[in-house]
Amino acid sequence: MNPKAPRGLGRRLRVGVVFGGRSGEHEISLRSARSVLAHLDVDRYDVTPIGISKDGEWYAGPLALEALERGSTEGLTPVVLPASPRQAALYSWQPGSPQEMVGALDVIFPVLHGTFGEDGTVQGLLELAHLPYVGAGVLASSVAMDKALFKDLMRAHDIPVVESTVILASELADGMEGALERAESVGAYPLFTKPSNLGSSVGITKCRGRSDLVEGLMDAARYDRRVVVERGLVAREIEVSVLGNDQPEASVAGEVVPSDEFYSYRAKYLDDTSRLLIPAPIEAGTADRARDLARRAFRAIDGSGMARVDFLLETESDDLYLSEINTIPGFTSISMYPKLWEAGGMSYASLMDRLIELAMERHMQKSDLVRTYEAAG
């Protein structure tokens with residue numbers, strides 16, 4: 001694998017790695033970015049770190065990651081990426097000063113978790129700028145990010161998901177009783193409450209009774225105006241990594257044994273006692289089914305590049321339910337996505353190469369499309 005620059009053969013491919021962002025997962029993005037930056041081959045790539053602060057400002061510079069980790073942007077160059085296809089480049093952004101080009105780019109590697117990064121917003125900007133980027137496009141990103149819409153799409157494709165309902169934050173404000181009754185109609189306790197449009201287990205509560213449900217609904221509504229209520233399962237957490245575009249490949253299945261009761265934000269990122277079992281100690285047929293469902297779900301959302309597909313394997317019935325798709329999975333030192341590919345013989349550095357190659361391939365496909373109407377004859 002040797003991704004090449006689209007112009008000027010013989011030079012390194014100019015890769016912008018974007019991290020941080022206006023998300024509750026800002027710090028996790030920084031941890032993922034550190035791993036990505038450490039494994040990009042500097043002999044092959046000319047890498048530009050691009051940090052987005054918590055208030056949404058963009059900065060570039062070799063020390064951007066270290067600065068954001070300190071919570072400071074001092075000494076960094078404020079930049080913008082124009083939504084124009086004329087010149088794929090970063091420009092300095094200083095009120096009252098003329099804009100100057102900071103650096104041209106060939107491809108973007110977004111390492112942004114959660115809102116304003118994994119939900120199609122940044123992908124839309126990159127589409128307007130006609131700039132290749134790693135991972136899912138606007139549609140796949142936004143659908144996968146929204147748990148309620150995602151479940152509806154999976155049901156339409158006969159992919160099993162856990163029973164659920166959606167409650168609006170405005171319903172909670174108007175009167176809790178009706179919302180509670182509808183939430184409880186999903187199934188017996190325990191129930192799980194989740195913000196519909198958020199990632200990495202932020203705002204998720206396991207509710208064992210009505211008082212927990214009230215707290216869970218109110219907490220999830222702090223993060224999103226739509227709250228998903230799911231039937232709780234006694235289940236094992238199985239994950240599969242997907243890689244590719246139109247013909248996606250699925251990795252071996254892995255199992256997460258969380259340190260918390262479920263794979264919470266703390267268990268994912270802050271607690272080193274959660275265990276990853278690779279391959280998952282499950283029946284071969286179950287693993288094959290998980291891999292098949294992962295590929296089907298990836299195609300259903302029109303995924304591209306990468307995704308981690310998460311499942312719940314119900315302990316009593318051995319039924320497999322698709323939980324969610326993460327279109328920008330974690331890339332930290334303890335993240336499942338790269339570890340599953342490493343188990344299949346693909347190194348972290350080779351995975352970076354392949355993802356960039358897939359980004360260039362998808363961009364070329366879209367560039368060949370006709371954008372103007374021409375009457376026949």
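Among (1) under 22 Å from Ala33 (Cβ atoms); (2) assigned to a loop (DSSP other than H, G, I, E, B); (3) of a type in the set (Val, Ile, Thr), where does Thr372 come up short?
Status for Thr372: all satisfied but (1).
Considering only the range 139-158, I want to know if a residue exists there that is among the aliphatic types (A, V, I, L, M), open to solvent by less than 20 Å² (accessible area, probe 1.4 Å) and not in a helix (DSSP H, G or I).
Initial filter on the range 139-158 (among the aliphatic types (A, V, I, L, M)): 139-140, 143-145, 148-149, 153-154, 156.
Those still in the list that are open to solvent by less than 20 Å² (accessible area, probe 1.4 Å) too: 140, 144-145, 148, 154.
Applying the additional criterion that residues be not in a helix (DSSP H, G or I) yields none.
So far as the range 139-158 goes, no, none of its residues is among the aliphatic types (A, V, I, L, M), open to solvent by less than 20 Å² (accessible area, probe 1.4 Å) and not in a helix (DSSP H, G or I).
Would you check which residues across the range 53-67 are part of a strand (DSSP E or B) and open to solvent by 10 Å² or more (accessible area, probe 1.4 Å) and list them?
Initial filter on the range 53-67 (part of a strand (DSSP E or B)): 58-60.
Hits for the range 53-67 are Trp58, Tyr59.
Looking at Ser241, Ser259, Ser274, which is the one that is at pLDDT 95 or above and of a type in the set (Ser, Thr, Tyr)?
Working: Ser259 fails: at pLDDT 95 or above; Ser274 fails: at pLDDT 95 or above.
Unique residue meeting the criteria: Ser241.
Within the range 123-138, which residues are assigned to a loop (DSSP other than H, G, I, E, B) and open to solvent by 30 Å² or more (accessible area, probe 1.4 Å)?
Start the filter on the range 123-138 by keeping residues that are assigned to a loop (DSSP other than H, G, I, E, B), which leaves 129-132, 134-137.
If the condition is that a residue be assigned to a loop (DSSP other than H, G, I, E, B) and open to solvent by 30 Å² or more (accessible area, probe 1.4 Å), then His130 is the only one that fits.
Which number in (1) over 30 Å from Asp41 (Cβ atoms); (2) open to solvent by less than 70 Å² (accessible area, probe 1.4 Å); (3) of a type outside the set (Ser, Thr, Tyr); (4) not in a loop (DSSP other than H, G, I, E, B) marks the one condition that Arg299 misses?
The number of the failed condition is (2).
List pairs: first residue in the range 124-146 and without any contact (Cβ under 8 Å) to a residue 24 or more places away in the chain, second residue surrounded by fewer than 21 Cβ atoms within 10 Å (Cβ to Cβ) and hydrophobic (A, V, I, L, M, F, W, C) anywhere in the structure, Cβ distance under 7 angstrom, at least six positions apart or on different chains.
Pairs that qualify, where the first residue is without any contact (Cβ under 8 Å) to a residue 24 or more places away in the chain and the partner is surrounded by fewer than 21 Cβ atoms within 10 Å (Cβ to Cβ) and hydrophobic (A, V, I, L, M, F, W, C), are Gly124/Val138; Glu127/Val138.
Considering only residues that are more than 26 Å from Phe150 (Cα to Cα) and among the basic types (Lys, Arg), look in the range 319-377 and name the one that is surrounded by the most Cβ atoms within 10 Å (Cβ to Cβ).
Arg354
Whether any residue in the range 108-122 is surrounded by 17 or more Cβ atoms within 10 Å (Cβ to Cβ), small (Gly, Ala, Ser) and assigned to a helix (DSSP H, G or I) is what I want to check. Steps first, answer last, please.
To start, the set of residues in the range 108-122 that are surrounded by 17 or more Cβ atoms within 10 Å (Cβ to Cβ) comprises 108-115, 117-122.
Next, only the ones that are small (Gly, Ala, Ser) stay: 114, 117, 120.
Among the residues that remain, those that are also assigned to a helix (DSSP H, G or I) are: none.
No; the residues of the range 108-122 include none that is surrounded by 17 or more Cβ atoms within 10 Å (Cβ to Cβ), small (Gly, Ala, Ser) and assigned to a helix (DSSP H, G or I).
Restricting to the range 65-113, what's the tally of residues that are under 19 Å from His26 (Cα atoms), free of Cβ contacts under 8 Å to residues at least 40 places away in the same chain and not β-branched (Val, Ile, Thr)?
9
The values are calculated or read from the model by the stated rules, or taken from the named source; none is laboratory data. Given the structure is predicted, the values throughout are model-derived calculations rather than measurements. Heads up, the Cβs are rebuilt from the backbone with ideal geometry, glycines too, and the neighbour counts pull from every protein chain shown. Accessible surface is based on the protein model in full, side chains and every heavy atom, while ligands, DNA and RNA are left aside. Shrake-Rupley method; radii C 1.70, N 1.55, O 1.52, S 1.80 Å.
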